[in-house]
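The values are calculated or read from the model by the stated rules, or taken from the named source; none is laboratory data. Just so you know, these numbers come straight off a predicted model, no measurement behind them. We place every Cβ from the backbone using ideal geometry, glycine too, and count neighbours over all the protein chains shown. All accessible areas refer to the heavy atoms of the entire protein, side chains included, with ligands and DNA or RNA removed. Shrake-Rupley method; radii C 1.70, N 1.55, O 1.52, S 1.80 Å.
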Amino acid sequence: MFLLRRGRLLVVLALSALLGADIYFHLWPEIQIRLSCDCEDPAPRVEKTTRPGTTATHYSGSKLQHLFSHHLYQAPATKSPAQDLLLNAHETIRSHRKRVTSFNRRHRSQHMDQNRTSTPVDARIDFQTPWLQFHLGISKEALYPRLSPAVDQLLEEMGNLTVIGADYSPDEKALNGECDCSQIVKPSGTHLKLVLRFQDFGKAMFKPMRQKRNEETPEDFFYFVDFQRHNAEIAAFHLDR
């Protein structure tokens, strides 16, 4: 009889521990968010509908908006101390000013050598441009702060800025034997990549879309030369965020 009562007690204690863990790790964070949040816009509403053999989730907003509404993405913004930053602001700005002058001189010289009749577009640098602010925010703790406004501004400007130059990436040149880039980058990949230069002297990597999202890899494809999908790069960016 004593053993039976002792067994019941152990079961009750185990269930109580599971209930306490569930409350602590799942319910309590949600309660904290609701108590501390005074924002006007509520979190996106999620509806789940189940049919025989299928489960579908419908979001009132975008899936990315729903992800960023999670409390793990609501960490307060902190500014890294100067000693933790990778670059010195004054030295970086002075270096970029010299590089812009050199680039414009070389660009105009190439323009004249090719006998072009159009007016060359010079690069100009604004020291408040998002890509420069992004670089100046790199610290030993992270590549960029979680709530950095420079990231969203970069995404916006990359779709609107004027492109004044394009060239193969260093690993593309190495694969083509155009330069010895072994000290810079390891040649890799099977996909064309171009480096675009914007008018504000920022640069971006351009990777054209070769396959549709739902296109499957042929069965006879060698594993190491599989498709390098453009949406995988986009997913990697959001996963990094």
Q. How much length, in nm to one decimal, is gained on full extension between Lys193 and Arg210, taken as 0.36 nm per residue of separation minus their Cα-Cα distance?
A. 5.0 nm
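Give me the 1.4 Å probe accessible area per residue for region 94-137, excluding ligands and nucleic acids, in Å². Write out the running numbers ahead of the final one.
Numbers: 3140 Å² over 44 residues.
For region 94-137, the per-residue accessible area is 71 Å².
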Q. Once you put a point 7 Å from the Cα of Ser118 and another 7 Å from the Cα of Phe237, both along the Cβ direction, what distance in nm separates them?
A. 2.5
Q) Gly165's amide H: which non-local residues (gap 5+, or another chain) put their own amide H closer than 5 Å, with H modeled 1.01 Å from N in plane and none for Pro or chain starts? A) Arg197
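Take the solvent-accessible surface of the protein heavy atoms, probe 1.4 Å, and return the percent of it on region 68-151 that carbon and sulfur atoms account for.
On the way: 3230 of 6100 Å².
Exposed carbon and sulfur together represent 53 percent of the surface.
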Q) Which ³J(HN,Hα) values in Hz, rounded to whole numbers, follow from the phi angles of region 93-104 under the Karplus curve 6.51 cos²θ - 1.76 cosθ + 1.60, where θ = phi - 60° and Gly and Pro get x? A) 5, 5, 5, 5, 4, 5, 5, 5, 4, 5, 5, 5
Q) What is the distance, in nm, between label points placed 7 Å from the Cα along the Cα-to-Cβ direction at Asn88 and at Glu156? A) 3.3
